[in-house]
Structure formats: structure tokens, C-alpha cells
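This report concerns only the one structure given below.
Nothing in this text is a laboratory measurement; each read-out follows from the coordinates by a stated rule. Here the structure is a predicted model, which is why all the values come from computation and not from measurement. Backbone-built Cβ (ideal geometry, glycine too); neighbour counts: all protein chains shown.
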Amino acid sequence: MTERHAGGCLCGAVRFSTTAKPGPVVGCHCSQCRRQTGLYYAAADVAHAALSIEGAEAIRWYRSSEEAQRGFCSNCGSALFWQRDGSAQISVMAGAFDAPSGLVFGYHIFCADKGDFYEIADGLPQYDGNPPSSSSPAS
Ligand SMILES: [Zn+2]
Ligand SMILES: [Zn+2]
């Protein structure tokens, strides 16, 4: 049996699916993610080659830093993707997945930059910046 994970933006213009198991959900608490999402970014890595996207023409890409860009729906504004330049992985926003998502929250990064109006109290690992070894989302 093939596992399938699918999702899309709020208006439905962009839909994605993958048969690869997404990685753990990573919460990024940096200021860029806070501004983009309104709270903090939560996304799971999926192998780019295993992700198929419908409605890709509706995606707009915003270059948020020298190393990455962020994809969002140009119609409804939903944040969907974080793509590090040259990476074989693409981070897909956890909230965009259809339920049941099968996703598991893993850990939090850039906690040193988190907003001052909430606490991270789920008991999962917290890192001030990027985790010790990784290609996880950064600003
Ligand atoms: Zn949309
Ligand atoms: Zn971030």
C-alpha cells in the first residue's frame, strides 16, 4: 500500500501530493517566519522529486534571503513552501496538508528569536538557531 499525503492552499488553486513520507514537522520561530505566517512556521521536508504540484502557475515565489525563497498562493495568500537554493528537499507547510496528515511534530528552531507573546510548551526539543545537524528552515 502506498502512503499518500496531499494538501493545498486555502482557495484550492494550488494542490500538492506526495507518496514520500514527509519528515518531522519543524517549527521555525524566526522573525521572517513570524511575519509571514502570523505566528510561527511549521513545515515538513519532502523530497522535491517526490512532490507533484497542480496549479503551480498560481504560486508566487518570494526571495526571503540569499539562500531561500518562499512559495505562496498568489490568489489566497496561503504560505505553502520554503525552498533552500539547490536543495533536493522542499519544506511544505504542515497546515496545508489535508487531514489526516500523518505528520508528526519534531522540534523547534530559532527559538531565540521567537515572538514575545507566546510560549513553546509542548516539551519537544528547542534550538536557539538551526538544529545541530541540518538543512532545516532558516530565515
Ligand atoms: Zn490559494
Ligand atoms: Zn524561520
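How far, in nm, would the chain grow between residue 74 and residue 60 when pulled straight, counting 0.36 nm per residue and subtracting the alpha carbon separation?
On the way: separation 14, 0.36 × 14 = 5.04 nm, distance 0.56 nm.
Extending this stretch completely gives an extra 4.5 nm.
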Residue by residue, what Karplus-based ³J(HN,Hα) values in Hz, rounded to whole numbers, does the range 107-123 have, using 6.51, -1.76 and 1.60 with θ = phi - 60° and x for Gly and Pro? 6, 10, 10, 6, 5, 5, 9, 5, x, 8, 10, 8, 10, 9, 10, 8, x
Show the residues, 5+ positions off or on another chain, whose built amide H is closer than 5 Å to the amide H of residue 9. 14
So how far apart, in nm, are the two label points at residue 122 and residue 4 if each is 7 Å from Cα heading toward Cβ? 2.7
Karplus couplings for the range 74-79 from phi (6.51 cos²θ - 1.76 cosθ + 1.60, θ = phi - 60°), rounded to Hz, Gly and Pro as x? 6, 8, 10, x, 4, 6
Got the relative contact order for the range 5-113 handy, in percent, Cα pairs under 8 Å and 6 or more residues apart? 35
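Convex hull over the Cα atoms of the chain, averaged projected area in nm²? Each step should come with its number before you reach the end.
On the way: hull surface 34.2 nm².
Averaged projected area of the chain's Cα convex hull equals 8.5 nm².
Run the numbers for residue 35 and residue 52: contour at 0.36 nm per residue of separation, minus the present Cα-Cα distance, in nm.
Values: separation 17, 0.36 × 17 = 6.12 nm, distance 2.74 nm.
Length gained between residue 35 and residue 52: 3.4 nm.
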Quick one: 3J(HN,Hα) in Hz for the range 64-69, Karplus 6.51/-1.76/1.60 with θ = phi - 60°, rounded, Gly and Pro as x. 8, 7, 5, 10, 7, 9
